[in-house]
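S.K.: Below you will find the structure I want to go over with you.
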Amino acid sequence: MSSAKPDLLKVAMPKGRIYKQASKLFRAAGLPIPADFDDTRKLVIELPEVGMEFIMAKPVDVPTYVEYGVADIGVVGKDVLMEEDKDVYELLDLGIAKCRMSVIGLPDWKPTIHPRVATKYPNVASQYFREQGQQVEVIKLNGSIELAPLIGLADRIVDMVETGQTLRENGLVEMKEIFGITSRLIANRVSYRMKNEAIQGLCDRLQSAIAAKV
Ligand code: PRP
């Protein structure tokens with residue numbers, strides 16, 4: 001028997017540092033996300049009053065859920081979008097979680113014969129150095145990237161800088177900004193056609209909330 005559940009708009013939300021700012025923006029757009037969502041360990045949360053279902057995802061996986069259509073839309077950082085290169089529509093710059101992608105090293109860095117670059121973003125790093133005409137070995141790490149130049153795994157890293165605190169506390173310097181990062185609203189291509197009214201309505205409300213903040 002098929003369930004008589006209404007067709008909710010499925011939204012992949014990134015857990016962690018973006019979530020607080022994203023939920024604040026959604027609330028400003030008139031979507032009453034209950035405050036207890038902010039600390040819950042629940043992964044799928046229905047909000048039938050606003051016709052939505054939130055999927056609490058690891059940020060790097062948001063584009064995958066959206067590409068496969070198990071989420072209709074999602075909130076994701078431009079860093080993840082650049083790295084993952086998924087087939088999704090980028091609908092809106094939400095202007096939140098501002099930071100940048102940069103090349104970072106020790107202040108006394110000098111070119112080496114066999115340069116190594118550690119990063120959580122191997123595609124972004126490889127493309128950047130290829131465009132610079134520099135041959136480097138890219139080493140993928142999953143976190144605490146700043147360790148790499150400190151303990152001699154790599155001579156530089158490509159990583160996100162937000163406040164710069166991690167760099168300062170570890171005696172590292174930003175050598176070059178590669179691109180600026182903010183969070184984006186993305187949509188599955190089929191959902192965008194089939195649920196256009198709901199998605200467009202949400203975009204309009206978010207856009208007004210973003211404009212009201214500026
Ligand atoms: C990110 C990033 C930097 C840090 C930058 O790490 O990789 O390490 O934040 O922020 P800051 O400029 O404000 O210091 P994250 O906190 O995501 O943890 P990670 O070490 O697991 O990557």
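S.K.: If you take just the strands (runs of 3 or more DSSP E) that sit entirely in the range 129-214, which of them hold at least 1 residues that are over 30 Å from L106 (Cα atoms)?
M.R.: Details: elements: 137-140, 156-161, 173-181, 183-187.
Because the criterion is at least 1 residues that are over 30 Å from L106 (Cα atoms), the strands (runs of 3 or more DSSP E) in the range 129-214 that meet it are 183-187.
S.K.: Does the range 102-117 include one or more residues that are more than 14 Å from the ligand (Cβ to nearest atom), β-branched (V, I, T), in contact (Cβ under 8 Å) with a residue 40 or more places away in the chain and in a loop (DSSP other than H, G, I, E, B)?
M.R.: There is at least one residue in the range 102-117 that is more than 14 Å from the ligand (Cβ to nearest atom), β-branched (V, I, T), in contact (Cβ under 8 Å) with a residue 40 or more places away in the chain and in a loop (DSSP other than H, G, I, E, B).
S.K.: Does R184 qualify as being surrounded by fewer than 14 Cβ atoms within 10 Å (Cβ to Cβ) and at pLDDT 95 or above?
M.R.: Details: surrounded by fewer than 14 Cβ atoms within 10 Å (Cβ to Cβ): no; at pLDDT 95 or above: yes.
No: the conditions fail for R184.
S.K.: Right, another one. Name the residues in the range 127-149 that are hydrophobic (A, V, I, L, M, F, W, C) and either loosely packed, with under 14 Cβ neighbours inside 10 Å or near the ligand (Cβ under 7 Å from one of its atoms) (or both), would you? If you could, list the steps in order and put the result at the bottom.
M.R.: So in the range 127-149, the residues hydrophobic (A, V, I, L, M, F, W, C) come out as 129, 136, 138-139, 141, 145, 147-148.
Passing the criteria: only I145.
S.K.: Do you know which residues across the range 65-100 are part of a loop (DSSP other than H, G, I, E, B), open to solvent by 50 Å² or more (accessible area, probe 1.4 Å) and within 16 Å of the ligand (Cβ to nearest atom)? Give the steps one after another, and end with the answer.
M.R.: Restricting attention to the range 65-100, the residues satisfying the condition of being part of a loop (DSSP other than H, G, I, E, B) are 69-72, 85-88, 94-98.
From the residues that got through so far, the ones that are open to solvent by 50 Å² or more (accessible area, probe 1.4 Å) too are 70, 85-87, 98.
Hit for the range 65-100 is K98, nothing else.
S.K.: Quick one: which of E177, E162, E169 is within 12 Å of the ligand (Cβ to nearest atom), farther than 23 Å from V88 by Cβ, under 22 Å from the mean Cα position of the chain (by Cα) and modelled with pLDDT of 95 or more?
M.R.: On the way: E177 fails: within 12 Å of the ligand (Cβ to nearest atom); E169 fails: under 22 Å from the mean Cα position of the chain (by Cα).
E162 is the lone residue from the list that is within 12 Å of the ligand (Cβ to nearest atom), farther than 23 Å from V88 by Cβ, under 22 Å from the mean Cα position of the chain (by Cα) and modelled with pLDDT of 95 or more.
S.K.: Does K42 meet the test of being within 30 Å of Y121 (Cα to Cα), open to solvent by 30 Å² or more (accessible area, probe 1.4 Å) and outside any helix (DSSP H, G or I)?
M.R.: Working: within 30 Å of Y121 (Cα to Cα): yes; open to solvent by 30 Å² or more (accessible area, probe 1.4 Å): yes; outside any helix (DSSP H, G or I): yes.
In short, yes.
S.K.: Okay, next question. Would you confirm whether any residue within the range 195-203 is surrounded by fewer than 12 Cβ atoms within 10 Å (Cβ to Cβ), touching a residue at least 40 places away in the same chain (Cβ under 8 Å), assigned by TED's automatic domain parsing to the domain that holds L31 and not small (G, A, S)?
M.R.: Looking through the range 195-203, none of the residues is surrounded by fewer than 12 Cβ atoms within 10 Å (Cβ to Cβ), touching a residue at least 40 places away in the same chain (Cβ under 8 Å), assigned by TED's automatic domain parsing to the domain that holds L31 and not small (G, A, S).
S.K.: Can you find a residue in the range 168-181 that is within 30 Å of L31 (Cβ to Cβ), aliphatic (A, V, I, L, M) and open to solvent by less than 80 Å² (accessible area, probe 1.4 Å)?
M.R.: Initial filter on the range 168-181 (within 30 Å of L31 (Cβ to Cβ)): 179-181.
Next cut, aliphatic (A, V, I, L, M) only: 181.
Checking the rest, the ones that are also open to solvent by less than 80 Å² (accessible area, probe 1.4 Å) come to 181.
Yes, the conditions are met somewhere in the range 168-181.
S.K.: Identify, please: which residue in the range 14-28 is of a type outside the set (S, T, Y) and within 16 Å of the ligand (Cβ to nearest atom) and is, among those, most open to solvent (accessible area, probe 1.4 Å)?
M.R.: Quick first cut of the range 14-28, residues of a type outside the set (S, T, Y) only: 14-18, 20-22, 24-28.
From what is left, the residues that are within 16 Å of the ligand (Cβ to nearest atom) are 14-18, 20-22.
Working: P14: 1, K15: 96, G16: 54, R17: 156, I18: 20, K20: 129, Q21: 72, A22: 1 Å².
Ranking the candidates gives R17 first.
S.K.: Checking the conditions here, which among S2, S23 is of a type in the set (S, T, Y) and at pLDDT 90 or above?
M.R.: Answer to the selection: S23.
The values are calculated or read from the model by the stated rules, or taken from the named source; none is laboratory data. All values reported here derive from a predicted model rather than from experimental measurement. A quick note on method: Cβ atoms are made from the backbone with ideal geometry, for glycine too, and the neighbour counts reach across all protein chains shown. Accessible surface areas use protein heavy atoms only, side chains included; no ligands, DNA or RNA. Shrake-Rupley method; radii C 1.70, N 1.55, O 1.52, S 1.80 Å.
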